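The values are calculated or read from the model by the stated rules, or taken from the named source; none is laboratory data. As the structure is a prediction and not an experimental result, all values here were calculated from the model. Glycine gets a Cβ as well: all are built from the backbone with ideal geometry, and neighbour counts include every protein chain shown. To get the accessible areas, we keep the full protein, side chains included, count just its heavy atoms, and leave off ligands, DNA and RNA. Shrake-Rupley method; radii C 1.70, N 1.55, O 1.52, S 1.80 Å.
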Amino acid sequence: MSTELYAAVHAAEFPAQALLRLRGDLAGQAVAVLEGRAPLERVCAMNRAARTAGAALGMTRLEAEAVGGVLLLARSSEAEAGARAALLECAAAFSPRIEDASGGTECMCVLDIGGTERLFGSPETVAGRLRGALLAAGFRVSIAVSGNFDAARLKSAAARGVAVIAVGEEAQALARLPVGSLGLTEEVAETFALWGIRTLGELAALPEVELVARLGQAARVWRGLALGTASHAFQPMEAEFALKEFCDFETPVEEMESLLFVGGRMVDCLAGRAAGRALSLASVSLHFELAGGRVHRRVIRPALPTVDRKFLLKLMQLDLAAHPPQAAVKALTMTAVAGYANKVQLGLFAPQMPEPSRVDVTIARLKAIAGEERVGSPVLEDSHRPVAFRMEGFQVVPAREEAGGEGIRMALRRLRPAAAVRVVLRGETPAIFHDGLRSYAVTEAFGPWRSSGHWWALGNWDAEEWDVLAEMQDGARVACLLVLDRGDGIWRLEALYD
Amino acid sequence: MTNASALRREIEHALEHRFPAALTPAQKTIHETYATGIAAVDALLEGGLPVGAISEVTGPECSGRTSLALSLVAGRTHGGQVCAWVDAEDALDPESAAACGVSLRQLLWVRCRRVAGTGKVTAKARMGHVDQALRATDLLLAAGGFAAIVLDLGGTAVEDARRIPLATWFRFRQAADRARSCVVVLGRASYAQSSAAAVLKCAPLRAQTAGGTVLRGFEYSVARERQRFVPGAAGGRKPPASTWNAPWSATGAWVRGERG
C-alpha cells in the first residue's frame, strides 16, 4: 500500500479572488478583472456572479462594459502576491511540505499530507478542514486528494468542492477530464482532436508503444498522467513568512469608516497568520498611497505583542483620527512585525496595575485630548539647566518596591509659560514686583543663586534665582521663585512653592 | 444574661420578620487607606487617604497641597504601583516630584493645555483645560489599575472649578470605587461636595530659614474638614473637633539628612 498522499488545492479565477477577498462590501457584486494596458485590456478572471451575468474570459473592456451590472477592476499583482502568501500560510497549518503548482490565472498548491491521518483524521476530513480554513480566510477552492501527485493536481482543477481518489482508481477518476487539462501544445492538441481523443480516459486506452512511435517520448508522460501513474519528484517550497496585506481601491476612499472596514479585515488576516505560528503582532505599519502621488505612513505599536483584533483596530482608529491621511486613499498596504505573545505571571500579592492593552487605548485617547507630546512619563535630563526634562511614552512595567525618599520636600508649581514681572529692587534685592494684575511686597528674599551653561551653543542660559516670600495687597502670602534672565535682563515669575 | 440583653433579644425576635437585627449595631466596614507619608497627616486621617474614593486637598497657593499629593504618589510608586497626575494647569515640576521621591517611570502625567482663542475669551474657552482634565480623569478611572489619580486644579480659579457639575463628581466617586483608585483633587476650595470622602484644608504657617540667608523649608497646617470613612468611628462617636488639624513641615530639596 502506498504511503504517499497528496492534497491539491486549486483556487480558480485567482486575480478576482485576490481582489475580492478583503472587500466585504463587494460580496454578491458581479466583478470582472481586466489585465493588459489600455486600450487592449481583456478580462482575465471574474467571479460567479459576473459569469452568470454574461461576462466571459478574453472579453475586451468595451465588451465587458456592455454586459450590464459588472464591476470592472484592474488586476493587481500586489494583491495576488498577498493573497497567495495568505493561502500558503493557511495551507501550511496542515502540512509543512507544500509545492506551488500555480499557472496562468489559477493558484494551485499541492500538500504532502502523507502520515497526517493520526493528526487530522481520514483524507476526507483533512480535505474538508483545509477547505473550511481557506474559506474562512476568504478563498473559494476545490481540493482533490490522491496517492498520486499529478492525479490530485489534475482532479482538483476540474472538481468542485472536495474529491478523494482511492488508491488504484486514479485512471477511472481522471477518465472524464479533457485532454486539454494536460497543458498540451496546440499542435499535439490538434492531432488528438483529429484522432478523436477528447478525454484522458480515451488517451489512457491508447497502446503506449504506438503512441510513443507517433508522438515521441512526451506521449509516455501524457499517458502516465492520464492513467494516474506518472511519477513526480516532490519539490517542497520554503514559504517566506511575511506578514503583509495589500488592498487597492478602485476609486480613492476618503471616509475613515470605509478604510477601517477594510483595515479590520486586513488586521484579521495578519493576526490569524501570526497566531497560526504561535506569534503575535508587535507592530503594524500602514502605508497609504494617496491621490496625487503622496504617501502617508503610520505605525501602530501596542505596548505588548497581541493578536486581539478589536484592540488593534481601536488603536488604528485612534491613530488615524489623530493623524488622518491628507488626501483620498488609493491603496493600503499593511505590514506587521511578529513578536512573541506576552506572558505575565500573575500573583495574588502583586500590586494593582493597569492592563497594558487598556492603557494603550487610554493613552491614545488622552493624546487625542491633550496632544501627542503632552501625555507620558517625565524623564529628567542630565543637565544643570533649570526644568530640564523630556516626555517619554508611559509603559506599565512591574516595578519592585523601593526605599522611600529622604523626607518631605517642598514642591514647586511651575507657571508655563513663566510670567514676566516688573521688579523694584532695594539695593540688589527684589523689594516689590508686579505681574500686571497684582502687586507683591517682598517680605524676605533669599538669593541670588546663579547658574549658567552652554555658553558655547545657541541654547545657553545665564540666570539668577531668588526665593521670595511676598505679601499681596489683600494680605495673602506667597512663596515663589523669581528668576532674572541675565541675558535679556527680564525678571520672570517661574514657580510657586506649594 | 442581663435583663437589657434579654430585652434586646426579645425585641429583635419580635421584629425580625420586618427588620433583621434591629438593635444590633451595623458591622464595621474597614476602608483601605493609602498613607500620605507625612506622619502628622496620617495620624490626623487615622491611616491616610481613603482608597476607592475622592479626597480633596484644598487651600490657597503655597499651602503645601502639591507637596502633600506628591508625598502620597511617592509612597504608591515606591510600593510598585502606578499613578497618574492630571495637570489642568500644566504646573507639575518633575524635578520637585523626583525630589519628593516619586518614581517618574511609574507616573503618567497628562498635561492639559489652555485653549488658545482670539478676541473675547468665552467661558467655554476659559474652561477648556478643565474640561480636558475631567475627560482625562474619566478615561483613567475607566482604564483602572492606577493606585492614585491626582486631579490638579490647584491653579484654576474657584469660579471656573465650581462650574464642574456635581454629576461629574458623583460619577468620579462611583468610578473610583469600582477602580479602587485613590482620587485626589487639588484645588483652592472644595468642589466635589458630598462626593468627597475626605476634605483637607491646608494653610501656610511660616517659612524656615537657615541663618536668614537660605530658605530651608516651610511649616504648614492641615485641617480635616470632612472624613466620611473614619476607621474608628463606625458605631462610635465622632472625634472631637480639637483633633481635626495638625502641623507638618517640608524642606527644600537642597536640605540633606532631614526627615519630615
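For this structure, a couple of remarks:
- Of the trypsin sites (Lys or Arg not before Pro) found in region A:1-38, those that fall in a DSSP loop while having at most 14 other beta-carbon atoms within 10 Å are A:R37.
- Note on A:R176 and A:E124: the extension gain reaches 16.6 nm, defined as 0.36 nm multiplied by sequence separation minus the Cα-Cα distance.
- The trypsin sites (Lys or Arg not before Pro) of region A:76-185 that meet both conditions, a loop assignment by DSSP and at most 13 other Cβ atoms within 10 Å of the site Cβ, are A:R160, A:R176.
- Nearby aspartates and glutamates by direct alpha-carbon distance to A:K330 (threshold 16 angstrom, same-chain neighbours under 8 apart not counted): A:E78, A:E245, A:D248, A:E250, A:E254, A:E255, A:E257, A:E289
- Per-pair calculated FRET efficiency, R0 = 35 Å: A:K310 and A:A81 via Cβ, rounded to 0.05: 0.80
- More than 39 angstrom apart: percent of Cα pairs within chain A: 51 percent
- Computed [θ] at 222 nm, helices only, for chain A once each DSSP H run of length n ≥ 4 contributes -39500 (n - 2.57): -9000 deg cm²/dmol
- Descending Cα extents along the principal axes, region A:111-155, whole Å: 28, 26, 13
- FRET efficiency, 1/(1 + (r/R0)^6) with R0 51 Å, evaluated for A:L71 and A:E117 via beta carbons: 0.70
- Dipole orientation for the protein assembly as shown: of the candidates A:L88, A:C109, A:G427, A:G427 has the Cα lying most toward the positive pole (charges on Cβ; Lys, Arg +1; Asp, Glu -1).
- Placing +1 on each Lys and Arg Cβ and -1 on each Asp and Glu Cβ, with no other charges, gives chain A a dipole about its Cα centre of roughly 680 debye.
- Across the accessible surface of region A:177-222, with the other protein chains kept in place and a 1.4 Å probe, carbon and sulfur atoms take up 57 percent.
- All other residues whose Cβ lies under 10 angstrom from that of A:W449 are scored, Lys and Arg at +1 and Asp and Glu at -1, for a net of -2.
- Cross-link pairs beyond the 31 Å C-alpha cut-off, checked among A:K244/A:K367; A:K314/B:K201; A:K367/B:K201: A:K314/B:K201; A:K367/B:K201
- Across chain B, the longest run free of exposed loop sites, meaning GluC sites (Glu not before Pro) lying outside DSSP classes H, G, I, E and B with no more than 14 other Cβ atoms within 10 Å, spans B:33-260.
- Total formal charge among the other residues, if their Cβ is under 15 angstrom from that of B:G187, Lys/Arg +1 and Asp/Glu -1: -2
- Here r is the Cβ-Cβ distance between A:A321 and A:E355 and R0 is 25 Å; the resulting FRET efficiency, rounded to 0.05, is 0.70.
- About the Cα centre, charge dipole magnitude for chain B (Lys/Arg +1, Asp/Glu -1 at Cβ), debye: 340 debye
- Distance from the Cα centroid of region A:124-161 to that of region A:194-243 is 20 Å (rounded to whole angstrom).
- Rolling a 1.4 Å probe over the protein heavy atoms gives chain B an accessible area of 44 Å² per residue.
- Calculated accessible area for chain A comes out at 52 Å² per residue, all protein chains present (probe 1.4 Å; ligands, DNA, RNA ignored).
- Segment B:R206-B:I30, length gained on full extension (0.36 nm per residue, minus Cα span): 59.7 nm
- Ranking B:A210, B:V41, B:Q193 by how far each Cα lies toward the positive end of the dipole of region B:32-255 (charges on Cβ) leaves B:Q193 at the top.
- Using the Cα coordinates of chain B, the gyration tensor eigenvalues translate into equivalent-ellipsoid semi-axes of 37, 25, 17 Å, sorted from longest to shortest.
- Region A:394-498, dipole about Cα centre (Lys/Arg Cβ +1, Asp/Glu Cβ -1), debye to the nearest 20: 220 debye
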